[in-house]
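Everything on this sheet refers to the single structure shown next.
The values are calculated or read from the model by the stated rules, or taken from the named source; none is laboratory data. What you see is a predicted model, and the numbers here were worked out from it, not measured in a lab. Neighbour counts are summed over all protein chains in view; Cβ atoms, including those assigned to glycine, are modelled from backbone coordinates with ideal geometry.
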Amino acid sequence: MKNILFFLEKYIAALFVLILGSTLRFNIRTSKPEGNVIYAFWHRNMIPLLFLNKFNKALILISSSKDGDLIAGPAHLLGYITSRGSSRRGGSSAMRELIKLSQDRCIGITPDGPKGPVGKVKDGVVFLSYFTGEPIVPVVVDMKKEIIFNSWDRFRLPLFFSRVNVTYGEPIFVNSKGEIKAKVQEVQKAMDNLTKQNKIKKRGKNEVVR
């Protein structure tokens, strides 16, 4: 029964993302970089980005947790290549797989996932950049109308026909292990600053689902 529910969930979720995404009014505020890069975005903002980058065979890292199971199925149907596990350090099987698969495609990663703290960059994304040789490009999102869930990441679900701002930051290169700590701070600062610049003025408060 559980397997049947997961099978149905991935199709329903993928269809929902396609229908919802087709109604969203995307405002891409900066040019998307060319070539292979590592896109870093907050865990709570994945829904509009899943739609925006669908069917381009991007590689995304998804945790091996139960929550990750719910994301991996629909992401695969939307054309993503998924790698399960953690990017923490260089010795993990997930990291080795990412390095191998990143040679001809972009990578998407949530630097505050899979368990937070929300909006806090961990060093996994920086290690990934060092080992793959690909730069980190921060991506921030804001939504005019949304539902915010009372989860660890304050997960955001845009409402139908909502305006969605998307801003890509400048590439951040990691050239040595000695600069890992400094680069974590650089990515954090870049994402924080871009988040402020990308804000949409809103009237009233968004609904919080508990």
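When 29, 25, 84, 96 are screened for being of a type outside the set (Gly, Ala, Ser), in contact with a Lys or Arg (Cβ under 6 Å, 6 or more places away or on another chain) and surrounded by fewer than 18 Cβ atoms within 10 Å (Cβ to Cβ), only 25 passes. Here the condition is being under 20 Å from residue 45 (Cα atoms), of a type in the set (Asp, Glu) and in a loop (DSSP other than H, G, I, E, B); of 192, 112, it holds for 112 alone. Is it true that some residue in the stretch 177-186 is buried (at least 17 other Cβ atoms within 10 Å of the Cβ), touching a residue at least 60 places away in the same chain (Cβ under 8 Å) and more than 10 Å from residue 126 (Cα to Cα)? No, there is no match, as no residue in the stretch 177-186 is buried (at least 17 other Cβ atoms within 10 Å of the Cβ), touching a residue at least 60 places away in the same chain (Cβ under 8 Å) and more than 10 Å from residue 126 (Cα to Cα). Could you please let me know if residue 118 is in contact with a helix residue (DSSP H, G or I) (Cβ under 9 Å, 6 or more places away or on another chain), under 20 Å from residue 169 (Cα atoms) and not basic (Lys, Arg)? Answer is yes for this residue. Here 174, 139, 126, 164 are screened, and the one residue that is among the hydrophobic types (A, V, I, L, M, F, W, C), more than 17 Å from the chain's Cα centre (by Cα) and crowded, with 19+ Cβ neighbours inside 10 Å is 174. For the stretch 138-183, enumerate the residues that are modelled with pLDDT of 95 or more and part of a helix (DSSP H, G or I). If the condition is that a residue be modelled with pLDDT of 95 or more and part of a helix (DSSP H, G or I), then 178, 179, 180, 181, 182, 183 are the ones that fit. Annotation note: Cβ proximity below 6 Å between a residue of the stretch 44-59 that is touching a residue at least 12 places away in the same chain (Cβ under 8 Å) and a residue that is crowded, with 17+ Cβ neighbours inside 10 Å and part of a helix (DSSP H, G or I) (sequence gap 6+ or interchain) occurs for 50/17; 51/17; 51/21.
When 54, 10 are checked against the criterion of being basic (Lys, Arg), in a loop (DSSP other than H, G, I, E, B) and in contact with a Leu (Cβ under 7 Å, 6 or more places away or on another chain), 54 stands alone in meeting it.
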